[in-house]
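Each remark here refers to the structure printed beneath this line.
The values are calculated or read from the model by the stated rules, or taken from the named source; none is laboratory data. Note that the structure is predicted; figures quoted are calculated from it, not measured. FYI the Cβ positions are ideal-geometry reconstructions off the backbone, even for glycines, and counts take in every protein chain you see.
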There are 2 protein chains.
Amino acid sequence: MKRRHAIGLGAAGIAGAGAGFAASRLLPEPSAQAADPAAEAIEFYGEHQAGIVTPAQDRLHFAAFDVITSDRDELIDPHTAAPPPPPRRGGAHFAGPGGASGGDYYAPPDDTGEAQGLPPSGLTLTFGVGPGLFTDADGADRFGLAAKRPEALADLPGFPLDDLDPAISGGDLCIQACANDPQIAVHAVRNLARIGFGTVAIRWSQLGFGRTSSTSLAQATPRNLMGFKDGTANLKAEDEDLLAEHLWAPEGDGAAWMTGGSYMVTRRIRMMIETWDRTSLAEQEAIIGRDKAEGAPLSGGGEFDEPDFDAVHDGAPAIAVNAHIKLAHPTSHGGARMLRRGYSFVDGSDELGRLDAGLFFIAYQRDPATGFVPVQQALAQNDVLNEYIKHTSSAVFACPPGVADADDWWGRALFE
Amino acid sequence: MKRRHAIGLGAAGIAGAGAGFAASRLLPEPSAQAADPAAEAIEFYGEHQAGIVTPAQDRLHFAAFDVITSDRDELIDPHTAAPPPPPRRGGAHFAGPGGASGGDYYAPPDDTGEAQGLPPSGLTLTFGVGPGLFTDADGADRFGLAAKRPEALADLPGFPLDDLDPAISGGDLCIQACANDPQIAVHAVRNLARIGFGTVAIRWSQLGFGRTSSTSLAQATPRNLMGFKDGTANLKAEDEDLLAEHLWAPEGDGAAWMTGGSYMVTRRIRMMIETWDRTSLAEQEAIIGRDKAEGAPLSGGGEFDEPDFDAVHDGAPAIAVNAHIKLAHPTSHGGARMLRRGYSFVDGSDELGRLDAGLFFIAYQRDPATGFVPVQQALAQNDVLNEYIKHTSSAVFACPPGVADADDWWGRALFE
């Protein structure tokens, strides 16, 4: 099988395949049958990667990869090699002996096929590189990239109560595949892993079935598995000044190849669902600091009104000093903000019959040291919610800026 | 918390709550915002249970339960106890001190809340009882039901190549929750498990993200994770004569309480995706016996044309004698047919970085001894597909007929 890698993941196979990802070899063209929002195709090229401020799709397949080659050329192949093939569409993917177009009947099909006939479903692929791509566990400069490692791509510190499983943490590369149809997201990760066979290997992956944040004012606030609205105060695509201040890595930030990119933190947060469900509504609302029905802060008003942390109710603070929204609020952390883009997950049941369920937290920011880290330090120390949650996986990635056009590719500025 | 069990699962809380499940306490009323097919509400009451011939929804949460009480009254409570409360709707679920309707603010909320505001999404709940409800592992008659165990509810025999994990096999009861939104399916299983707390406990559960069968002529044939169309020759809702012959348990079949019910077999079939993806298109098509693009049998014609097992191509059978569609075809098994209703699953990745993915097979039939069992015996012995799949879980359940009205409940005829 002819390799068409790009940083081990066939990015050129995607980016070079036509005008935007929907026209690429991984996705069929929108079906004539599709008459629903699933038919939406998201532009792949741009200043920033898609899948960050793109209105959060409903489904996630997130995959972290280990790079298993020690050969830099193999890692960035095929940018120095042959150009990618033209996109194949519709039935031509599978054209057999009698088919109208190429494809070797006695070779594995170019595409695994399970998404054949499905609409693009708003698919976005967001690519990131982890600390391990720069230096290995022994501190060796694996690919001559160590000097380019951004300061903001620091390993996350340990937090109190962390219960991390190393087997589902970290990773040299990652792909966040979001779509409104899980078959489309799964298909993308599967085929990228397949194209990267021999160069990269999936380290861990996580499916998410329901978005827990809005990233656009046009979206309603979803509920997480605790039953509360989540992400009310999230950064939104429309807040361009705030995005420039808190989300995108600016010029002169030390790592020129990351200008216009963003840093992603992921945490798999298991919820002790059954215990939470036996807690009174009063306690649930006190822990969160919002009412469950509408999502309004307990200081009053509606969902989108600012919480008033000075408000008093029956002689006590209306919002407890250790309420989740108080501990996580920007005013508690020098104004730092993140763009959250997490998903609910249910990975079946554990050996005690409890749902293995929770929140796969994803947050983007200009620098985790001023974004995620101080917030998580405060939460890990004081949040009563800790009785009902457990962080089981952690990772951090630098997501480079967008791919400009068909001659560009994911992370090119890092390697050139 | 007041218990409202019905066979340990709160069925009366569902069935008695109003005109159909969509009006019940587990589901909010369709939201005014919902303008998509997800808004569909499926009738709960009827001759047969919903979720069998109902056009297959896109998402699954399947849960198998152990009964952990030895008290028959507790198992079937509350049919002898208080009637269920009236359904609560909309924000009233969470009404706090200032709320318009009941609900104890200092008690756990009646509903876990994560589906609040979501449309019904075509939810169906299908209920079944396993062999273990009748006799325990030592052969003891647990609840005085042993004499009512149908012959068709036999334990499945072992098959060659079975690689079953007992921890995710079997179960005394099951719920198949299907919906077009996974949050709705998960919500239903979670709340049933919660209502049954202390009486039943989840033994194992499985999420499925994409249907792999059509159960109606109105549905397009989906593709499974091998990339092939699946279920082309499935029984369909419109084949009423065939359903009477092959699907529904008839009167006089030995277990009167099952008349109008059906027997469900589940198998978690892990696919060795990465190995399959390295197989040539020619070999994939030969193994299945259909072409990958259109799903037409290799003997020619279109997807829905009958395969011609006598057709010859280049001196050899066009469809190999051990092709999957030949081995599974009704003509190879005295005409036996099943209604398949399976789902694709991806449960992340295994320790080798391979996708832990495949097909959660669900089939309904009048009697597994003439339906699933002979077909699986033939497949386990001769199917070349076995090089690419592994059965890791197995279960069988008797699914009683439908709930007639608000005074009826799941499995009543079994207990009365």
When you check A:Q176 against the structure, is it facing another protein chain (nearest Cβ under 10 Å), crowded, with 20+ Cβ neighbours inside 10 Å and either of a type in the set (D, E) or in contact (Cβ under 8 Å) with a residue 12 or more places away in the chain (or both), yes or no? no
With A:R211, A:R270 as the choices, which residue is among the basic types (K, R), touching a Ser or Thr at 6+ places or on another chain (Cβ under 6 Å) and crowded, with 18+ Cβ neighbours inside 10 Å? A:R270
B:V346 vs (1) modelled with pLDDT under 95; (2) under 16 Å from B:E274 (Cα atoms); (3) of a type in the set (A, V, I, L, M, F, W, C): all pass except (1)
Residue within the range B:294-305 that is of a type in the set (G, A, S), free of Cβ contacts under 8 Å to residues at least 12 places away in the same chain and either in contact with a Gly (Cβ under 9 Å, 6 or more places away or on another chain) or closer than 30 Å to A:A63 by Cα (or both) present: yes
For the condition surrounded by fewer than 23 Cβ atoms within 10 Å (Cβ to Cβ) and among the small types (G, A, S), what is the one hit in B:A316, B:A323, B:A293? B:A316
Residue check: is A:V189 closer than 27 Å to A:E416 by Cβ, modelled with pLDDT under 95 and in contact with a strand residue (DSSP E or B) (Cβ under 8 Å, 6 or more places away or on another chain)? yes
Do you know which residues across the range B:331-350 are touching a residue at least 24 places away in the same chain (Cβ under 8 Å), over 30 Å from A:R203 (Cα atoms) and outside any strand (DSSP E or B)? B:S332, B:H333, B:G334, B:A336, B:R337, B:M338, B:R341
Does B:I325 fit the bill of being of a type in the set (V, I, T), part of a loop (DSSP other than H, G, I, E, B) and touching a strand residue (DSSP E or B) at 6+ places or on another chain (Cβ under 8 Å)? no
Quick check on B:R194: is it buried (at least 24 other Cβ atoms within 10 Å of the Cβ), within 11 Å of chain A (Cβ to nearest Cβ) and among the basic types (K, R)? no
Please indicate, with yes or no, whether at least one residue in the range B:175-190 is within 18 Å of B:A395 (Cβ to Cβ) and part of a loop (DSSP other than H, G, I, E, B). no
Every listed condition ((1) aliphatic (A, V, I, L, M); (2) at pLDDT 95 or above; (3) touching a Pro at 6+ places or on another chain (Cβ under 8 Å)) holds for A:M264 save (3)
Breaking point among (1) without any contact (Cβ under 8 Å) to a residue 60 or more places away in the chain; (2) in contact with a helix residue (DSSP H, G or I) (Cβ under 7 Å, 6 or more places away or on another chain); (3) under 26 Å from B:S344 (Cβ atoms), for A:A167: (2)
Please specify each residue of the range A:120-144 satisfying the condition of being among the small types (G, A, S) and surrounded by 24 or more Cβ atoms within 10 Å (Cβ to Cβ). A:S121, A:G122, A:G128
Could you list all residues from the range A:330-365 that are among the β-branched types (V, I, T) and within 11 Å of chain B (Cβ to nearest Cβ)? A:V346
